[in-house]
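Structure, as structure tokens:
The values are calculated or read from the model by the stated rules, or taken from the named source; none is laboratory data. Keep in mind that what you see is a predicted model, and the values were worked out from it rather than measured. Virtual Cβ from ideal backbone geometry, glycine too; neighbours counted across all protein chains shown.
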Amino acid sequence: MLRSGSVARRRQLFAGLIVLAATAGACGGRVPVLLPPSCGVEAVEGFASASVTGAEAAVKGKFAFLFRRPGRGRVEVVDPIGRTAFLLFFRGDRAWCVIPRKKIYAEDEAKVMMTRFLGVALLPEEAVRLLSGTWTDDGEESGWSVERDERGRAARGERDRFAFAVREFFPGGSVPREIRLAGPGTSGRVKILRLGFNPPPRDEAFDVSFLRAYAQKTWDELVEGLNQ
């Protein structure tokens, strides 16, 4: 993570990249009822908006996501005219941030990369539990302390200095619609605009073999390259 004296300047550069498309808008009409399938949730896929201010980045806009057990994830961030601004890939305990237009990437621990993006050290497996509203006791193995509301829904969670709080659920069950996030020097929210459960497996969505043709950079170099 950025720790040098130029953190403010680099945060501004990174924030300039993460201005996501604002054209999709919130879905009109009545909010749909969302219920996870009774057979269990292996993956979640959807579209969300984020507004997060953190120690390293300011995120405001929309992004697509796909998280699948065990430990795989993909986040695609688009610029204001709908082009891919950058991609995040998660495989096990590793993650990659990729800037396609520059053919560069940086690699780090999955928790570290998710913290840089949303300000909370959340792994793909935990994202599946949280976004589907199926966070059960097995999540405690990861160190999260989860509190439930009067209806038994996972409403708040804390691990170390990171926390989430569900501010709104989709009608009909325990699927979060708006989530507040907090971490060291970070605060913000994520609002789920569209969500689907157990999409057909697409292993190619998590394939990072194409990075052989890209240049690997340190995180600082990746951030510095955004303004060149």
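For the reader, a short list of remarks on this structure follows.
- Here is the figure for the stretch 177-193: residues that are closer than 20 Å to Val31 by Cα and either without any contact (Cβ under 8 Å) to a residue 24 or more places away in the chain or surrounded by fewer than 14 Cβ atoms within 10 Å (Cβ to Cβ) (or both) total 2.
- Selection within the stretch 64-85 - part of a loop (DSSP other than H, G, I, E, B), among the β-branched types (Val, Ile, Thr) and free of Cβ contacts under 8 Å to residues at least 40 places away in the same chain: none
- Applying the set (1) surrounded by fewer than 19 Cβ atoms within 10 Å (Cβ to Cβ); (2) in a loop (DSSP other than H, G, I, E, B) to Ser174 leaves exactly one unmet item: (1).
- Subset of the stretch 86-112 [part of a strand (DSSP E or B), of a type in the set (Gly, Ala, Ser) and over 15 Å from Ala205 (Cβ atoms)]: Ala106
- Hey, Glu158 among the acidic types (Asp, Glu), touching a residue at least 12 places away in the same chain (Cβ under 8 Å) and crowded, with 16+ Cβ neighbours inside 10 Å or not: no
- Residue within the stretch 102-109 that is of a type in the set (Gly, Ala, Ser), within 23 Å of Gly40 (Cα to Cα), touching a helix residue (DSSP H, G or I) at 6+ places or on another chain (Cβ under 9 Å) and crowded, with 18+ Cβ neighbours inside 10 Å present: no
- Test result for Val112, buried (at least 22 other Cβ atoms within 10 Å of the Cβ) and touching a residue at least 60 places away in the same chain (Cβ under 8 Å): no
Table: residues versus (1) of a type outside the set (A, V, I, L, M); (2) more than 30 Å from Ala215 (Cα to Cα).
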| position | (1), (2) |
| --- | --- |
| Lys102 | yes, no |
| Tyr105 | yes, no |
| Leu123 | no, no |
| Ala127 | no, no |
| Gly143 | yes, yes |
| Glu168 | yes, yes |
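- Looking only at the stretch 107-156, and only at residues there that are farther than 26 Å from Gly173 by Cβ and of a type in the set (Lys, Arg), the one that is modelled with the highest pLDDT: Lys111
- Residues of the stretch 187-214 that are among the β-branched types (Val, Ile, Thr) and either in contact with a Pro (Cβ under 9 Å, 6 or more places away or on another chain) or modelled with pLDDT under 95 (or both): Val190, Ile192.
- Odd one out for Val41 among (1) surrounded by fewer than 21 Cβ atoms within 10 Å (Cβ to Cβ); (2) assigned to a strand (DSSP E or B); (3) at pLDDT 90 or above: (2)
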